[in-house]
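Undergrad: Following this message is one structure expressed as structure tokens.
The values are calculated or read from the model by the stated rules, or taken from the named source; none is laboratory data. These numbers come from a predicted model, not from an experiment. FYI the Cβ positions are ideal-geometry reconstructions off the backbone, even for glycines, and counts take in every protein chain you see. Accessible surface is based on the protein model in full, side chains and every heavy atom, while ligands, DNA and RNA are left aside. Shrake-Rupley method; radii C 1.70, N 1.55, O 1.52, S 1.80 Å.
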Amino acid sequence: MLPAVFTQKQTMEKINIFWFRRDLRLQDNAGLYHALKSDRPVLCLFIFDTNILEELPKSDARVGFIHEAVLSLHTKLAALGSTIFVEKGEPHKVWTALLKKYNIGKVFCNRDYEPYALERDSDVRLLLQKSEVALHQYKDQVIFEKEEVLKKDGTPYTVFTPYSRKWYEKLNSRGEGANSFYLKAYPCEKYFRNFYKTKPLPLPSLEDIGFVQSTIEIPDTKVKRGLIRNYERDRDFPGINGTSRLGIHFRFGTISIREKARNALGLSKTFVSELIWRDFYAMILSAFPHVVTEPFREKYKAIPWRNNQADFEKWCAGKTGYPMVDAGMRELNATGFMHNRVRMITASFLTKHLLIDWRWGEAYFAEKLLDFDLASNNGGWQWAAGCGTDAAPYFRIFNPESQQKKFDKALVYIKKWVPEFGTDTYVTPMVEHKFARERCLKTYKDALAQAE
Ligand SMILES: Cc1cc2nc3c(=O)[nH]c(=O)nc-3n(C[C@H](O)[C@H](O)[C@H](O)COP(=O)(O)OP(=O)(O)OC[C@H]3O[C@@H](n4cnc5c(N)ncnc54)[C@H](O)[C@@H]3O)c2cc1C
């Protein structure tokens, strides 16, 4: 049901709409800035998209997080004498209703590069066009989009290191480092007076949307400068609180990627490099959309995965008998987070030791990770399975035991998540490392030789 404010289309003044999606903030928001600078008052909109929500469990912590973020926008906009219109439904239907009831001039939003979002946006663009309403889209989610960092011959990079070199070149081509034009904040606050003036509209509760509050805790957006300064030293040790935990905030845009990159540039090149990985995988997804369902390298389609269901369930539950793998999976199941080093170890174990299709693991992470992002998750899984963009060959197989000796020597992380480790109650390894390694090497080698 649309609120009363939307029922008097004929008599209403023309307004522009800013459609929030994965950019849930008022500060330094590219699309919002352009909307506020445009020719008409701006009403904000958020759609709880049932096409996405229907797939999720009712206690999904990410929906609770989005709801909180929308509530915060609602409160801030009310303080500015405006509001956000929040609807649950299919975007096409919500827009059809809005167009009937509302006098819309233009629509603004930020670009989203995932396949579903591209389809949704082109559908909404067509619908708006029929009513002569233009859809204006901007870059906000990444620092550089797919056409902005290309090889000399105009084709996309497929290897990270030269990409990252070119990324820096591009950054520094218009002002150095943190002063780069590409990291400039969009001063939305200068134009806050241009929000459409109205009483706050009612905001549906989480229950109205069909969800319940999760008990999972969300990390906040504040990251100490010291953490970034020591990032290079600490980031690989899951027992240390050495990474930012900003993933979910980048995912839903509750922080600005430009702001974090600006702040990090003088402090840690390694941290900035992680942000470049994020751009890199977003670019790979845009330029090579087949990666969503297929390996980046075609010949890896030939690998005959064992796909043993019982093995998969042990991995999901953190009962493989390899404490580093089990700690990671239990951390994921309990908190919605897993340390990057451990993501690499658990993903390698699933694909290499158990020979289970990377897409199974990818889907499990997608369901559980608070910071789930299609591009980075897919890139991480294909990297682990050896079929992705990475130049390193498939025969790099992590040994979970030596990884533990290197990165959790004092067993801080393991003791936290696998308290029974070292006692009789801890399960024995489900597969012997040497045997699994050799089985994997042979399987990959034979399949790839046949695919040549
Ligand atoms: C199998 C696998 C699956 C992954 N799935 C995801 C995912 O769904 N979503 C996701 O954001 N990251 C994913 N990553 C990358 C990385 O593990 C996480 O970004 C990181 O652990 C998040 O923790 P943090 O916020 O403390 O990161 P920090 O170490 O503090 O890094 C800061 C930010 O940089 C970005 N970043 C860091 N490492 C990477 C990377 N390797 N690739 C791309 N971006 C990176 C993230 O936005 C991260 O929040 C995956 C990695 C692997 C190996």
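Undergrad: Can you list residues whose amide H is under 5 Å from Tyr322's amide H, if they're 5+ apart or on another chain and H is modeled 1.01 Å from N?
TA: Met430
Undergrad: I want to make sure I understand the PRE zone here: with the label point 7 angstrom from the Cα of Glu313 toward its beta carbon, which residues in region 415-436 have backbone N atoms less than 14 Å away?
TA: No residue qualifies, since no backbone N sits under 14 Å from the label point.
Undergrad: A follow-up question, please. In the chain, what % of DSSP beta bridges are antiparallel (nearest 5)? Intermediate values should be presented prior to the final figure.
TA: Values: 1 of 22 bridges.
Antiparallel bridges make up about 5 percent of those DSSP assigns within the chain.
Undergrad: Per residue, how many Å² of accessible area does the chain show with a 1.4 Å probe?
TA: Values: 20770 Å² over 452 residues.
Per residue, the chain has an accessible area of 46 Å².
Undergrad: Now for a separate question. Working out 0.36 nm times the residue gap between Glu169 and Lys197, then minus their Cα-Cα distance, what length gain in nm do you get to one decimal?
TA: Working: separation 28, 0.36 × 28 = 10.08 nm, distance 4.36 nm.
Extending this stretch completely gives an extra 5.7 nm.
Undergrad: Angle, helix 358-368 long axis vs. longest principal axis of the chain, Cα atoms, 0 to 90°, nearest 10?
TA: 50
Undergrad: While we're looking at this one, here's another question. I'd like the carbon and sulfur percentage of the solvent accessible area for the chain, probe radius 1.4 Å, heavy atoms only, ligands and nucleic acids excluded. Provide the component values of the computation, followed by the final result.
TA: Working: 11050 of 20770 Å².
C and S atoms contribute 53 percent here.
Undergrad: Also, quick follow-up: Mean residue ellipticity at 222 nm from the helices of the chain, using -39,500 (n - 2.57) per DSSP H segment of n ≥ 4 over the full residue count, to the nearest 500 deg cm²/dmol? Please report the intermediate quantities before stating the final value.
TA: Values: 19 runs with 200 residues, N = 452.
Helices in the chain give a 222 nm mean residue ellipticity of -13000 deg cm²/dmol.
Undergrad: Please work out the FRET efficiency for the pair Arg396 and Leu71, using the Cβ-Cβ distance as r and a Förster radius of 51 Å; give the result to the nearest 0.05. Can you show the working numbers first?
TA: Working: r = 45 Å, r/R0 = 0.89.
The formula returns an efficiency of 0.65 here.
Undergrad: Give me the percent relative contact order of the chain, please, defined on Cα pairs under 8 angstrom at least 6 residues apart. Don't jump to the answer; show the numbers that get you there.
TA: Details: 687 pairs, mean separation 77.5, N = 452.
Reported relative contact order: 17 percent.
Undergrad: To test your reading of the geometry: what angle, between 0 and 90 degrees and rounded to tens, separates the Cα axis of helix 323-335 from the longest principal axis of the chain?
TA: The angle comes out at about 20 degrees.
Undergrad: Also: On a 0 to 90 degree scale, rounded to 10, what angle separates helix 61-79 from the longest Cα axis of the chain?
TA: Approximately 30 degrees, to the nearest ten.
Undergrad: Give me the distance in nm between label points sitting 7 Å out from Cα along the Cα-to-Cβ direction at Lys222 and Glu367, one decimal.
TA: Result: 3.6 nm between the two label points.
Undergrad: Another question about this same structure. Can you tell me the alpha carbon radius of gyration of region 354-452 divided by the globular rule-of-thumb value 2.2 N^0.38 Å? Could you put the intermediate results ahead of the total?
TA: Numbers: Rg = 16.1 Å, N = 99, 2.2 N^0.38 = 12.6 Å.
So the Cα radius of gyration is 1.28 times the expected 2.2 N^0.38 Å.
Undergrad: Net charge near Ser164, counting Lys/Arg +1 and Asp/Glu -1 over other residues with Cβ under 12 Å of its Cβ?
TA: +2
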